[in-house]
Amino acid sequence: MTPIKWVYSFLKKYRAKMAAGLLMTTGIALLTIVSPYLSGIIVDDVIGKGNRKLLPVMITCLIGVTILKGILRFSSQVMFEICSQGVLFSMRDAVYRKLLQEDFSFYNKNRTGDLMSRQTGDMDAIRHFIAYVIYAVYENILLLTFALLMIFTVNVKLAFCMLAVLPFTAFATYAQSKRVRPAFRRIRQQFSSLNTFVQENISGNRVVKAFAKEDFEISKFNRENDSYREAELNASKIWMKYVPIFEFLSNILTVVLMLYGGYMVITGEITMGEMVTVNGYLWMLTVPLRMAGWWINDIHRFITSAEKIYATYSQEPDIKEPCKPVCRKHFDGDVEFRNVSYQADDADIITDVSFQVRKGQTVGIIGSTGSGKSTIMNLLCRFYDVSKGEVLVDGVNVKDLDLYDLRDNIGMAMQDVFLFSDTIEGNIAYGRPNCSFEEVKRAAKMADANLFIQNMPDGYDTIVGERGVGLSGGQKQRISLARALLKDPSILILDDTTSAVDMETESYIQNQLKKIEKNCTIFIIAYRISSIKDADLILVMDRGRIVEQGTHEELVAAGGYYATAFRHQYGSFQETNSGEVK
């Protein structure tokens, strides 16, 4: 499907309204030719021949035509605006839904600012085309055609003189069209780049201030802004070259009428009334010629925007629903990795990972930065697909499971905590928006968040800023944990969730997790031994492989990576038979 056909697919259900609008536009064009015709009769018959009886009739007709044109103009513009807003609503909704269906790799490759510009500036260019450009171009083509036909009825030689200008206009329009399209592509690219820069800097304003880099960011912004201005100016240079040509050609028509038409009146070849009639049709020729360049710009702006939006919309996610998915509303929580490997951009991220977890078990995952800990959980949630091997939940390959059912059964507190610009209650209840306040409060208590929330001015109704601005790192982590716990999931994933909390809070949270572990399989990714030492199974990752696995006691006794990390974190230690540290 081409971008234009894709846009038309949204316009199809408004075909009747568009046809009605174009029909009214045709009526406007037909009524427009009436006034010059009546003006000619008034000059020849009323003024020239003194036939005063025609004057009331002519005036009544002119007033009636004007009123009818006004009604049709208003109605047609309302019709086109309804169509444009309807298309904009449907298209924006479709694109947004498609963005929600895209996987992690899509967002890794596309910048937020670019995606935002598709939903704003590019969408508005399409709305403008439907609301204005379509009927304006159609109406002016009709006006040009009707005016020439009416001039032919007055005098053929005069009409051919007017017609001689059109080939030059067509050539200038074609030449401008070839040059203006790449210019508009450049403008849209620079606009997206500028939009991305601003979005990133507003989101990262705390980092900018922390490093006192305001002047540095302003200089970078000026470069982006200059590039966008340069793109606009380069496009303007094209208009500066061709718009005067269109103006000149349109004014030539006036010169032709004044000189040749005046000569024909003097010689008696046409009457003064016919001269007035042709002069009344003259603007119907000059306006289309004068505006041709601007409409070409609007058309190419529309085409460029449609191509940009469709290019984003048509990208298919790598993670797709299976043809015949296995649907389960609730999972037991058994998880197995069978010889799993994952590559991205020709780089090995994890290699030959195998382990098995039963319902109710707690699994700790530890390893150096970049060892593949979070990737294992991303494969379990099917944010990415394995390159080799299988990931199974309750004995079923995750590729065969319904995506919604799979992810709905997983509660995840991510490493990068994201909180919406909403109340604290709204953020905690995000996974279950219809739950009761008591359930929200119970989840907050389990995450040790209830106390600090109640101490806030508005308690659970406190609005947190974008991305949780206004909260400490530990507070955001505990709200994120409460959000995951409230789902009552079959599988709970905690990705470095307690790194920003104190040891006492971490111990409290671990005790709360023990209350749910019978009904929930828990994965804990951590750097601190204290977070995972009580786990039923500990996986030690290094360079994408599981280099050690076992219980805390087994791994300490093995004297490998885990034991070394344990000594680094606890110093000299002794272990009792129960595994407690003294």
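The values are calculated or read from the model by the stated rules, or taken from the named source; none is laboratory data. Note that the structure is predicted; figures quoted are calculated from it, not measured. When we count neighbours, we look across all protein chains shown, and the Cβ atoms used for this are built from the backbone with ideal geometry, even at glycine. The accessibility values were calculated without ligands, DNA or RNA, using every heavy atom of the protein model including side chains. Shrake-Rupley method; radii C 1.70, N 1.55, O 1.52, S 1.80 Å.
Using the Cβ-Cβ distance between Tyr138 and Phe168 with R0 set to 22 Å, the FRET efficiency works out to roughly 0.45. Convex hull volume per residue, computed on the Cα atoms of region 147-220, equals 134 Å³.
The convex hull of the Cα atoms of region 381-448, projected and averaged over all directions, covers 6.4 nm². Expressed to the nearest 5 percent, the antiparallel share of DSSP beta bridges inside the chain is 50 percent.
For Ser203, the solvent-accessible surface with a 1.4 Å probe is about 50 Å², rounded to the nearest 10. Residue separation of Lys157 and Met240 scaled by 0.36 nm, minus their Cα-Cα distance, works out to 26.5 nm of gained length. Of the listed residues His300, His128, the order by accessible area with a 1.4 Å probe, largest first, is His128, His300. Cα centroids of region 210-265 and region 491-520: 63 Å apart. In the chain, the longest principal axis of the Cα atoms and the axis of helix 503-514 are about 90 degrees apart. Here each label is just a point 7 Å from Cα along the line to Cβ, and for Ser499 and Thr369 those points are 0.8 nm apart.
Under the convention that each Lys and Arg Cβ holds +1 and each Asp and Glu Cβ holds -1, the size of the dipole of region 326-461 around its Cα centre is about 380 debye.
As an exercise, use a Förster radius of 45 Å and the Cβ-Cβ distance of Ala16 and Asn397 to find the FRET efficiency, rounded to the nearest 0.05. The formula returns an efficiency of 0.40 here.
Figure legend: label point modelled 7 angstrom from the Cα of Val326 along Cα→Cβ; residues of region 347-366 with amide N under 18 Å from it are 355-360. Summarising the label geometry, the points placed 7 Å from Cα in the beta-carbon direction at Met414 and Ser177 lie 4.6 nm from one another. Taking a point 7 Å from the Cα of Thr551 along the Cα-to-Cβ direction, the residues of region 344-358 with backbone N closer than 19 Å to it are 356-358.
On the basis of the beta-carbon distance and an R0 of 41 Å, Arg206 and Ser314 show a calculated FRET efficiency of 0.65.
Every Cα-Cα pair in the chain was counted, and those over 34 Å apart are 60% of them. Averaging the Cα positions of each part gives two centres, and for region 361-406 and region 28-66 these lie 81 Å apart.
When each of the peptides 86-95, 454-463 is scored by how many other beta carbons lie within 10 Å of its residues on average, the order from highest to lowest is 86-95, 454-463. Taking every alpha-carbon pair under 8 Å whose residues sit at least 6 apart, the chain reaches a relative contact order of 14 percent. In the context of the full protein assembly, Val7 retains an accessible surface of approximately 10 Å², using a probe radius of 1.4 Å and ignoring ligands and nucleic acids. The heavy atoms of Val208 present about 30 square angstrom of accessible area, all protein chains included, probe 1.4 Å. Taking 7 Å steps out from each Cα toward its Cβ at Trp294 and Glu438 produces label points 6.6 nm apart. Put Arg290, Arg97 in order of accessible area, highest first, and with a 1.4 Å probe you get Arg97, Arg290. Legend: residues Asp114, Asp416, sorted from most to least accessible area (1.4 Å probe; ligands, DNA and RNA excluded), read Asp416, Asp114.
Around the amide H of Phe523, modelled in the peptide plane, lie the amide H atoms of Val363, Leu492, Ile493, Leu494, all under 5 Å away and 5 or more residues distant in sequence or on another chain. Only one residue of Phe221, Leu233, Met258 has its Cα farthest out toward the positive end of the dipole of region 180-279, where Lys and Arg carry +1 and Asp and Glu -1 on Cβ, and that residue is Phe221. Placing a label point 7 Å from the Cα of Tyr260 along the Cα-to-Cβ direction, the residues of region 121-164 with a backbone N closer than 17 Å are 147-164.
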